[in-house]
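Beneath this line is the structure, given in structure tokens, with notes to follow.
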Amino acid sequence: MSEIETTWTRPTDSVGRVLYWICYGLSIIGGLVVFGMALLITISVTGRSAVGSQIYGDFELVTVFTGVAVFLFLPLCQLMRENVVVDFFMANAPVWLKSACDAVSSLVYGLVIALMAWRTSIGGISVYDSNEETVLLSWPLWSTFPLAVFCLIVLLCVCLYTLYTDLKLARSG
């Protein structure tokens, strides 16, 4: 993304505002998940040190919820243009060229996310059909797939929105 978007604020159009609030809500849930993991790890490590007993399956829970948190944060990162930024080659380029390159990156990212959403949904069905579970807690692995697919669909919508805004900015110069 170009440096123009480093000062990017909340969208003002109706579609952007709806996407923003959905992404913001998902990121709040992601923050609560990360907070819960930190609390879980703290209690488990403290219990192991103090009384010689830890929370059973703590590492399985942290593994599952880390994946959940990543999916929850991705849409807001894209909408606020805070994904990985490489401006080294585009530092002195005109605004329209930077915006055009941002549009191409939004398009490519959107295509990758569409592929991921499709394959994640098929993978979730496969995991459900095979009754895969975690080793210690017997947590059904399919249970996190619907949320992941939902977050990927929201991210795809955000990619399409950023593609539209990048193209509009590139045309206006």
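The values are calculated or read from the model by the stated rules, or taken from the named source; none is laboratory data. On a predicted model such as this, the values are computed, not experimentally measured, just so you know. Virtual Cβ from ideal backbone geometry, glycine too; neighbours counted across all protein chains shown.
Summed over segment 106-131, residues that are assigned to a helix (DSSP H, G or I) and either of a type in the set (A, V, I, L, M) or loosely packed, with under 15 Cβ neighbours inside 10 Å (or both) total 16.
Taking segment 41-58 as the range and being closer than 26 Å to G124 by Cα and surrounded by 14 or more Cβ atoms within 10 Å (Cβ to Cβ) as the test, the residues that pass are G57, D58.
Of the listed requirements (1) modelled with pLDDT of 90 or more; (2) surrounded by 18 or more Cβ atoms within 10 Å (Cβ to Cβ); (3) within 22 Å of Y24 (Cα to Cα), R81 misses just one: (1). Checked against the criterion of being within 30 Å of P140 (Cβ to Cβ), more than 19 Å from the chain's Cα centre (by Cα), assigned to a helix (DSSP H, G or I) and at pLDDT 95 or above, the candidates L72, L32, L26, L39 yield just one match: L39.
Residues that are farther than 26 Å from I41 by Cβ and surrounded by 15 or more Cβ atoms within 10 Å (Cβ to Cβ) do not occur anywhere in segment 137-146.
Which one is modelled with the lowest pLDDT, of the residues in segment 2-18 that are among the β-branched types (V, I, T) and within 21 Å of the chain's Cα centre (by Cα)? Checking each candidate, the answer is T6. Considering the conditions (1) at positive phi; (2) not β-branched (V, I, T); (3) not in a loop (DSSP other than H, G, I, E, B), S99 is excluded by exactly one of them, (1).
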